[in-house]
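Accompanying notes for the structure given below.
What follows is calculated from the coordinates using simple rules that are stated; it is not laboratory data. In this text, all values refer to a predicted model and were calculated from it rather than measured experimentally. Neighbour counts are summed over all protein chains in view; Cβ atoms, including those assigned to glycine, are modelled from backbone coordinates with ideal geometry.
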Amino acid sequence: MEILYLFQSFPGFYLNPLDDCLRVYINIKINQSQMGGTEVDMEEIKVKTSRQIEMIDITQEVNQRIKKTGIREGICLIYCSHTTAGLTINENADPNVVRDILNGLDRMVPEDRPYLHGEGNSPAHIKSSIVGCSQTVIISSGRLSLGTWQSVFFCEFDGPRIRSVWVKTVGL
């Protein structure tokens, strides 16, 4: 805990959500010295997309990877290693939310503009940059600690393709 207080003692230091994950990691490292070793695992999830633009709920696959590691408490980094795809966390209950997100991105980044990139997939690159390529989630009781209506979505912007999503878990 002393490390965390040291960080907070700097003037203007602010704990944002990424810092919260750092706090979890620091607490894990402190607990490691008290309780034994930290488990670290990395697994690949293959995602097969069927449309040019779509969002696929991968929460169950991520939780299966976490269960396989035996980690009960820790953090999970979910990373997409593609420049025309991304990852987001959003509502899973109403499919219209996904449609609204995709329609909103289409309005922000229309296909019919004169882009310079020669492959013709500039909108996919831009959408990927807007959405982002990773999510960090706390692991609690052996699964992702998400809100009631939240899921992790793989966002395809240049499909259909077979994509890789990497899941790295650190914890006890």
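Here are the numbers for the structure shown:
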item	result
The stretch 34-135: GluC sites (Glu not before Pro) in DSSP loop, at most 11 other beta carbons within 10 Å	Glu119
Phi to ³J(HN,Hα) by Karplus 6.51 cos²θ - 1.76 cosθ + 1.60 over the stretch 97-109, Hz, x for Gly, Pro	4, 4, 4, 5, 4, 5, 5, x, 5, 4, 5, 6, 10
For the stretch 65-76, Karplus couplings with θ = phi - 60° (6.51, -1.76, 1.60), whole Hz, Gly/Pro x	5, 5, 4, 4, 6, x, 6, 9, 9, x, 10, 10
Solution diffusion estimate, µm²/s, Stokes-Einstein, the stretch 56-172, Kirkwood Rh from C-alpha pairs, 10 °C, viscosity 1.306 mPa s	105 µm²/s
Fewest-first ranking of Arg51, Arg72, Arg107, using other Cβ atoms within 10 Å as the exposure measure	Arg107, Arg51, Arg72
Length-normalised contact order of the stretch 41-172 in % [C-alpha pairs under 8 Å, at least 6 apart]	56 percent
Kirkwood hydrodynamic radius of the stretch 89-154, Cα pairs, Å	14.0 Å
Filtered chymotrypsin sites (Phe, Trp or Tyr not before Pro), the stretch 125-167: DSSP coil and at most 11 other beta carbons within 10 Å	Trp149
